Every structure is written in structure tokens, then in C-alpha cells.
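The values are calculated or read from the model by the stated rules, or taken from the named source; none is laboratory data. Quick caveat, the model's predicted, so the values are computed rather than measured. Glycine gets a Cβ as well: all are built from the backbone with ideal geometry, and neighbour counts include every protein chain shown. All accessible areas refer to the heavy atoms of the entire protein, side chains included, with ligands and DNA or RNA removed. Shrake-Rupley method; radii C 1.70, N 1.55, O 1.52, S 1.80 Å.
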Amino acid sequence: MKTLPPPKTRTYKVDSRHFMPMVGDLVELVTVRIADKSTRSHVVQLGRSIRQHAFDARDTLPVIDHPSLPAFLGCDELGDIVLPSVDTISLSGLGFVIPYTLLATIASALKPKKIFEIGTFRGVGALTMAINAPQAEIYTLDLPEQYTSTEIETLSKGDKEWVRLSRTSTGFAFQSHPASVRIHQLRGNSLTFTPPPELRNVDLCFIDGGHSYECIKADTETALRILSPNGVIVWDDYTWFIDGVSNYLTELSRSLRLHRIAGSQLVIYRREPEHFH
Ligand SMILES: C[S@@+](CC[C@H](N)C(=O)[O-])C[C@H]1O[C@@H](n2cnc3c(N)ncnc32)[C@H](O)[C@@H]1O
């Protein structure tokens, strides 16, 4: 596949043809639609979109778009990426595939030998990375089956729901897949996790466990301790409604060069050898 030059930065113009129809749509949403129970969900979506766009507009992290990821990761020519089946992806409960498309691109471009994921859930992320990095061993950590309420006390209601849902189905997505021979399920609380000796020189860390400030900080510190000299960290859930992630990563961006991946909630960091100590 030929590598194309990166596209020019897009500029957005206000299109006057759409202005009045847009005002009309807005009035309809906040009057007719909000009054009608069956269409009220669209107004809720509007509110969420506004908050997301305001978050994006205020955000100061530099942005990388999807086609620029391979070059950012030092890959001149990216082959095909592979996704798990739609049934398997739907186990993630997200309802969209973009994060897995990006993870597949990152794993394929980076060609990591060792991957560490915090937050297995049903294992869609672990499987996606495994099938796009056929040379890699993947270690994925989730809470023990039996955990105490104090272990998850820093988590939000939403995060506690992820924990509850994952109890009886951790790693389901990869369990009967041929790639599972390379996926190693670890159990423990990432807040107090001591990486075993095999978790040295990790090329790719995917942080997607608990999303409280305490968890993200602890997980990032663990990742930075075990990361290889050219290693990459990816965080999920950098968005307007998850303060723990956005506050911590904003602070971290003062000392590490972090980038957002356009159109997603992912943030990426690539360690450069001169910054390694
Ligand atoms: C959003 S889900 C992970 C999704 C998964 N990475 C994927 O791509 O499909 C978050 C997971 O993190 C786990 N988790 C939450 N807090 C944790 C902690 N302190 N230590 C380890 N795992 C944790 C939850 O049990 C849940 O399974």
C-alpha cells in the first residue's frame, strides 16, 4: 500500500445555507421533541453533543487523526487491520466500533512484542490487539472475582456498573479464539498491583480500568514504570463526563507529550528514548 502525504488541516466555514434550517431544527428539538416522550432521547443527545463539542473546543491537547497514526508510530506502510466479528464486538456493550478500529491500527502499526491492558472487561480490546499484533504476548488485568467494596470506593456509579457486569464474563470475547494462547489473564486491583517480572519492557499499555483520578494516576504510574524505551501508552475515556481521566491527563500533559486521537476518546503517548530514565 502506498503511503499518502498527511491531509491538510481542515478549516470549517459557517455555511449560511444551513443556518436558518439549523435554528428551525433547534427550536423543534427544544419544544415539540422535548414534550414528546418517544422523541425526548434526541434532545438528551443534543445536550451531550453540545457538552462534548465545548470540551473539544476548550481542550489544549494536540490532535492526531486516524490516517496519521501509523507515521506517528514509526510505521511507513500499514497493512490491513482486522476486527473481531460484530457479535464479539457487541460484547463490549459500547455500540460502536471506532475505538477498536483505532486500537487495531495502533497494534498493527507498532508491532509490539508485549502488550499490557488494564481493564479486561469482556476482552474485546485484548482480542483486537492480539489479532492485529500476531507476534505479541498480551497481559490483561481485571479485578479479582471476589473484591471488597473498599477496593472500588473511588469509582463512579458508571464504573461500578462495568465492574458488576464483568464479574461473570471477564475475557469472554477471547476465551475460545485461537489467539487466546497469547492472552494472559491477570487478576488484581490496579491500585495496588505489582507488575510481575514478565511485565518488563512493555511496548504497548492500554489503560481502560477504573476511571477515577486515583485509578488513572496509579495505572499511568505503573505503565510508565514498565514501558519500553519506545513504548506507547493509550488511555480511553478522555471526555467531558469523566473528570478523573480528563483532569489527570491535563496535568500529565504538562510533563509528557500527549496527543488526542481525533473523533475518539483515546489519548496516546509515545516514549522517546531521550526521555527514558
Ligand atoms: C471499560 S471496562 C474495560 C473495557 C475493555 N478494555 C475493552 O476494550 O473491552 C473497565 C474494566 O475495568 C475493570 N476495573 C475497574 N477498576 C479496576 C481496578 N481498580 N483494577 C483492575 N480492574 C479494574 C472493571 O472490572 C471493568 O471490567
**Study point:** Point-to-point label distance, residue 241-residue 200, nm (Cα→Cβ direction, 7 Å offset)
**Key:** 4.3
Exercise for review: Please work out how much length the chain gains when fully extended from residue 169 to residue 57, using 0.36 nm per residue of separation minus the C-alpha to C-alpha distance, in nm with one decimal.
Suggested key: 36.5 nm
Check your understanding: To the nearest 0.05, what FRET efficiency results for residue 28 and residue 98 with a Förster distance of 35 Å applied to their C-beta separation?
Key -> 0.75
**Study point:** Packing rank of 103-113, 16-26, 225-235, 193-203, where each peptide gets the mean count of other beta carbons within 10 Å, highest leading
**Key:** 103-113, 225-235, 193-203, 16-26
Study note, to complete from the structure: For region 17-56, the convex hull over Cα atoms projects on average to an area in nm² of 3.1
Review point. Between region 246-266 and region 80-153, what's the alpha-carbon centroid distance in Å?
Key: 20
Practice item. Take the solvent-accessible surface of the protein heavy atoms, probe 1.4 Å, and return the percent of it on region 60-275 that carbon and sulfur atoms account for. Key: 54
Study note, to complete from the structure: The Rg/Rh figure for region 62-206, Cα atoms and Kirkwood Rh, to two decimals is 0.97
Revision key, fill the gap. Given unit charges at Cβ for Lys, Arg (+) and Asp, Glu (-), the dipole magnitude of the chain about its Cα centre in debye, nearest 20, is 420
Exercise for review: Using only Cα atoms, find the angle between the long axis of helix 157-166 and the longest principal axis of the chain, and express it within 0 to 90 degrees, rounded to the nearest 10.
Suggested key: 50
Exercise for review: Counting other Cβ atoms within 10 Å, keep those with at most 16, restrict to DSSP loop, and tell me which chymotrypsin sites (Phe, Trp or Tyr not before Pro) in region 130-183 are left.
Suggested key: 147
Review point. What accessible area per residue, rounded to a whole number of Å², is obtained for region 17-56 using a probe radius of 1.4 Å?
Key: 80
Revision key, fill the gap. Kirkwood Rh over alpha-carbon pairs of the chain plugged into Stokes-Einstein at 25 °C, 0.890 mPa s gives a D in µm²/s of 121
Revision key, fill the gap. Here the averaged projected area of region 145-277, based on the convex hull of its alpha-carbon atoms and given in nm², is 9.2
